[in-house]
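A.B. asks: Sharing a structure with you now.
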Amino acid sequence: MAFKFIVFAALCAAYLQGYPQTPQTKDATISPVSPLVKKFKASVDKCKTSLSASAETVDLIGKKALPTDENQRCFLECVYKDLDIVKENKFDPAVVHTLAKEHYPEGGEPLTKATTSIDACAKEIVADESESCAMGKAVRSCFYKYADETNAPL
């Protein structure tokens, strides 16, 4: 069974759902937003601003698709670097393991699947040095490879 790429997909989904920061009415209940979701949203917003990313580029976060141009690769790489998933142009599985443990504190099968996929990506991710922002594409490609068939955003 294909692995549901956990951490990033969950973060993307949470970001795209637009968790409310303030109630719509005085009786509204605010959904709690985890520190992990806040950090992810901040990274997306920071990279959107610093790269003047188009809406189409930012929308890649919510789609099960690979980057098709330099702008999309650079945007993804910016987000991954800001989250410390990529350091010194290398994938850092230790950081992603930490994020997975934070996202799945109960452990179990979801964390086991995450660990397996993270370890596989650690062995597989290699940036094409002839391409600018290659880590954005390389990391996304591996995340995509281990995604399930449910169209979960990566």
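A.B. asks: Residues of region 95-110 being surrounded by fewer than 19 Cβ atoms within 10 Å (Cβ to Cβ) and at negative phi, which ones?
C.D. replies: Matches in region 95-110: Val95, His97, Thr98, Lys101, Glu102, Pro105, Glu106, Glu109, Pro110.
A.B. asks: Tell me which residues, restricted to region 113-133, are of a type outside the set (A, V, I, L, M) and surrounded by 13 or more Cβ atoms within 10 Å (Cβ to Cβ).
C.D. replies: Lys113, Thr115, Ser117, Asp119, Cys121, Glu124, Glu131, Cys133
A.B. asks: Any residue at all in region 72-94 that is closer than 17 Å to Phe40 by Cα, surrounded by fewer than 21 Cβ atoms within 10 Å (Cβ to Cβ) and either among the polar types (S, T, N, Q) or in contact with a strand residue (DSSP E or B) (Cβ under 8 Å, 6 or more places away or on another chain) (or both)?
C.D. replies: Looking through region 72-94, at least one residue is closer than 17 Å to Phe40 by Cα, surrounded by fewer than 21 Cβ atoms within 10 Å (Cβ to Cβ) and either among the polar types (S, T, N, Q) or in contact with a strand residue (DSSP E or B) (Cβ under 8 Å, 6 or more places away or on another chain) (or both).
A.B. asks: From the list Glu124, Glu129, Glu109, pick out the single residue that is under 16 Å from Glu88 (Cα atoms), among the acidic types (Asp, Glu) and either more than 13 Å from the chain's Cα centre (by Cα) or modelled with pLDDT under 90 (or both).
C.D. replies: Step by step, each of Glu124, Glu129, Glu109 is checked, and only Glu129 is under 16 Å from Glu88 (Cα atoms), among the acidic types (Asp, Glu) and either more than 13 Å from the chain's Cα centre (by Cα) or modelled with pLDDT under 90 (or both).
A.B. asks: Does Leu66 fit the bill of being surrounded by 14 or more Cβ atoms within 10 Å (Cβ to Cβ) and not in a helix (DSSP H, G or I)?
C.D. replies: yes
A.B. asks: Condition first: in a helix (DSSP H, G or I), farther than 19 Å from Lys39 by Cα and under 12 Å from the mean Cα position of the chain (by Cα). Can you find one or more residues in region 144-152 that meet it?
C.D. replies: yes
A.B. asks: Within the group Leu36, Leu11, Leu51, Leu76, which residue is modelled with pLDDT under 95 and within 16 Å of Arg140 (Cβ to Cβ)?
C.D. replies: Of the residues listed, the single one that is modelled with pLDDT under 95 and within 16 Å of Arg140 (Cβ to Cβ) is Leu11.
A.B. asks: Next question. Pairs needed: first member in region 68-83, among the basic types (Lys, Arg); second member anywhere, surrounded by 21 or more Cβ atoms within 10 Å (Cβ to Cβ) and assigned to a helix (DSSP H, G or I); C-beta distance under 7 Å; at least 6 residues apart or different chains.
C.D. replies: That search, which allows pairs on different chains as well, returns Arg73/Gly136; Arg73/Lys137.
A.B. asks: Also: Identify all residues within region 48-63 that are in contact with a helix residue (DSSP H, G or I) (Cβ under 9 Å, 6 or more places away or on another chain), assigned to a loop (DSSP other than H, G, I, E, B) and hydroxyl-bearing (Ser, Thr, Tyr); write none if there are none.
C.D. replies: Ser54
A.B. asks: Still on this model: If a residue has to be assigned to a loop (DSSP other than H, G, I, E, B), under 22 Å from Lys48 (Cα atoms) and of a type in the set (Val, Ile, Thr) to count, how many in region 78-134 make the cut?
C.D. replies: Looking only at that region, the number is 1.
The values are calculated or read from the model by the stated rules, or taken from the named source; none is laboratory data. Here the structure is a predicted model, which is why all the values come from computation and not from measurement. In this analysis, Cβ positions are derived from the backbone assuming ideal geometry, glycine residues included, and neighbour counts consider all displayed protein chains.
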